[in-house]
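Asks: After the structure tokens below, expect a handful of questions from me.
The values are calculated or read from the model by the stated rules, or taken from the named source; none is laboratory data. None of these values were measured; they are calculated from a predicted model. Note that each Cβ is placed from the backbone with ideal geometry, even for glycine, and that neighbours are counted across all protein chains shown. Just so you know, the surface numbers come from the protein's heavy atoms only, side chains and all, with ligands and any DNA or RNA stripped out. Shrake-Rupley method; radii C 1.70, N 1.55, O 1.52, S 1.80 Å.
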Amino acid sequence: MPNESKTTYVDLSHKRDIEFPFMLNTAGIIQTSDLEHYDMNYHTLEFCLRLSSEEEEAVDELGGKIYRNQFPHLFIKRAGVRHRYTINSSRHAIFLIYPPELESAFSAIGISVESPGFEFKLTSELEKLLDIFLALIPQSQNRGIAEKFDMISFQIIENIFMQKFLPKASESSTDDIIREIASYLQVHFADTIDLNSICRKFGISRRSFFRNWSRLYDHTPLQYILDLKLREAERLLLTRDIRIKEVAAMLGFDNHSYFIQAFRRTHGGITPGEFRRKCKGSPVLPD
């Protein structure tokens, strides 16, 4: 006996107390039957998470072009584009429907809808987000739930799109090592930094470190560290009533004069003391 189609619609078109920039019109889940044909033009922007099926792949004709994707995958249906497809076996999916005018807003933040479909992995993080989404459905018309749908749906879409930027298993792990080192520097920038020792710690040669760092970051490692120190210097100058020399020492500057020169270069010629007085109106403290 074939499975019956079952769709759960959640109407989210009502007014919110908090207006998130990406507000849903409708969301829900669908379990299709063994055989269904679709031929339609959409009037909305839909992100369809096709989670599972007995079919090996989904075949879609969108705007006259054929797309093939294995499960699970995301398929994006845009307003005004003709979409044809046939479901030959049961299929489980979640759909997130937005007003068509949000297409440009999604594209502006890097979530492009130009490529209609791509495969993704059901990671533990994504499964948790989907569990939260499903748990909201029985409460869908309660006050404040629409806002939660907006937020969790955006997180789901973001999670799937971010998978596109993760390194593939076949790629070198060098980029990951460089980012680990950058993260380490974010925490230890005020310490005495020995890049040779750090390279050994993370298992990368000095030559490979510098060559690959320049691919990922615009500034040299030393400039990166200096920028972190000067950013922290701003915070200390505005939150701590301590001398400029003490700020320099706390950030690992052995030379007080060099700290002032470096600060001036990145702050339009303003000294640390002038920066403090301008932003905070603090009394003059001796250097």
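Asks: Would you point out the residue of segment 75-84, among those that are part of a strand (DSSP E or B) and within 28 Å of the chain's Cα centre (by Cα), that is nearest to residue 31 (Cα to Cα)?
Replies: Restricting attention to segment 75-84, the residues satisfying the condition of being part of a strand (DSSP E or B) are 75-77, 79, 82-84.
If we keep only those that are within 28 Å of the chain's Cα centre (by Cα) too, we end up with 75-77, 79.
Working: 75: 16, 76: 18, 77: 18, 79: 23 Å.
This residue is 75.
Asks: Continuing with this model, one more query. Just need a number here: residues in segment 174-230 that are within 28 Å of residue 267 (Cα to Cα), of a type in the set (Ser, Thr, Tyr) and free of Cβ contacts under 8 Å to residues at least 60 places away in the same chain.
Replies: 6
Every residue, every condition in (1) assigned to a loop (DSSP other than H, G, I, E, B); (2) open to solvent by 20 Å² or more (accessible area, probe 1.4 Å); (3) modelled with pLDDT of 90 or more, yes or no:
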residue: 59; (1), (2), (3): no, yes, yes
residue: 67; (1), (2), (3): no, yes, yes
residue: 86; (1), (2), (3): no, yes, no
residue: 94; (1), (2), (3): no, no, yes
residue: 97; (1), (2), (3): no, yes, yes
residue: 102; (1), (2), (3): no, yes, yes
residue: 106; (1), (2), (3): no, no, yes
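To keep it simple, each residue is scored yes or no on (1) out of contact with any strand residue (DSSP E or B) (no Cβ under 7 Å at 6 or more places or on another chain); (2) within 30 Å of residue 21 (Cα to Cα).
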position	(1), (2)
44	no, yes
54	yes, no
82	no, yes
90	no, no
93	no, yes
96	no, yes
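Asks: Looking at residue 145, is it more than 26 Å from residue 61 (Cβ to Cβ) and open to solvent by 70 Å² or more (accessible area, probe 1.4 Å)? Outline the logic, then answer.
Replies: On the way: more than 26 Å from residue 61 (Cβ to Cβ): yes; open to solvent by 70 Å² or more (accessible area, probe 1.4 Å): no.
For residue 145, the condition - more than 26 Å from residue 61 (Cβ to Cβ) and open to solvent by 70 Å² or more (accessible area, probe 1.4 Å) - is not met.
Asks: Here's a follow-up. So which helices (runs of 4 or more DSSP H) are wholly in segment 182-274 and hold at least 1 residues that are among the polar types (S, T, N, Q) and surrounded by fewer than 17 Cβ atoms within 10 Å (Cβ to Cβ)? Break it down into steps so the answer makes sense when it comes.
Replies: Values: elements: 195-201, 206-216, 221-239, 244-250, 256-266.
In segment 182-274, 195-201, 206-216, 221-239, 256-266 are the helices (runs of 4 or more DSSP H) which contain 1 or more residues that are among the polar types (S, T, N, Q) and surrounded by fewer than 17 Cβ atoms within 10 Å (Cβ to Cβ).
Asks: So, one more: Just checking, does segment 117-139 include any residue being in a loop (DSSP other than H, G, I, E, B), more than 15 Å from residue 78 (Cα to Cα), open to solvent by 50 Å² or more (accessible area, probe 1.4 Å) and out of contact with any helix residue (DSSP H, G or I) (no Cβ under 9 Å at 6 or more places or on another chain)?
Replies: No, that holds for no residue.
Asks: Yes or no: residue 44 under 29 Å from residue 110 (Cβ atoms), modelled with pLDDT of 90 or more and not acidic (Asp, Glu)? Step through it out loud before you land on a result.
Replies: Working: under 29 Å from residue 110 (Cβ atoms): yes; modelled with pLDDT of 90 or more: yes; not acidic (Asp, Glu): yes.
Spelling it out, residue 44 is indeed under 29 Å from residue 110 (Cβ atoms), modelled with pLDDT of 90 or more and not acidic (Asp, Glu).
Asks: List pairs: first in segment 137-157 and farther than 14 Å from residue 11 by Cβ and among the basic types (Lys, Arg), second at pLDDT 95 or above and surrounded by 16 or more Cβ atoms within 10 Å (Cβ to Cβ), Cβ under 6 Å, 6+ apart or cross-chain?
Replies: What qualifies is 148/136.
Asks: Which residues, counting only those in segment 37-55, are over 30 Å from the mean Cα position of the chain (by Cα) and within 18 Å of residue 70 (Cα to Cα)?
Replies: Going through segment 37-55, the residues over 30 Å from the mean Cα position of the chain (by Cα) turn out to be 37-41, 54-55.
If the condition is that a residue be over 30 Å from the mean Cα position of the chain (by Cα) and within 18 Å of residue 70 (Cα to Cα), then 54, 55 are the ones that fit.
Asks: Now a separate question. I'd like the full set of residues that are modelled with pLDDT under 90 and over 16 Å from residue 270 (Cα atoms), limited to segment 242-257.
Replies: Here is the first cut: in segment 242-257, the ones modelled with pLDDT under 90 are 254-256.
Within segment 242-257, 254, 255 qualify.
Asks: If you go through segment 27-50 one residue at a time, do you hit one that is open to solvent by less than 60 Å² (accessible area, probe 1.4 Å), among the basic types (Lys, Arg) and in a loop (DSSP other than H, G, I, E, B)?
Replies: No, every residue in segment 27-50 fails to be open to solvent by less than 60 Å² (accessible area, probe 1.4 Å), among the basic types (Lys, Arg) and in a loop (DSSP other than H, G, I, E, B).
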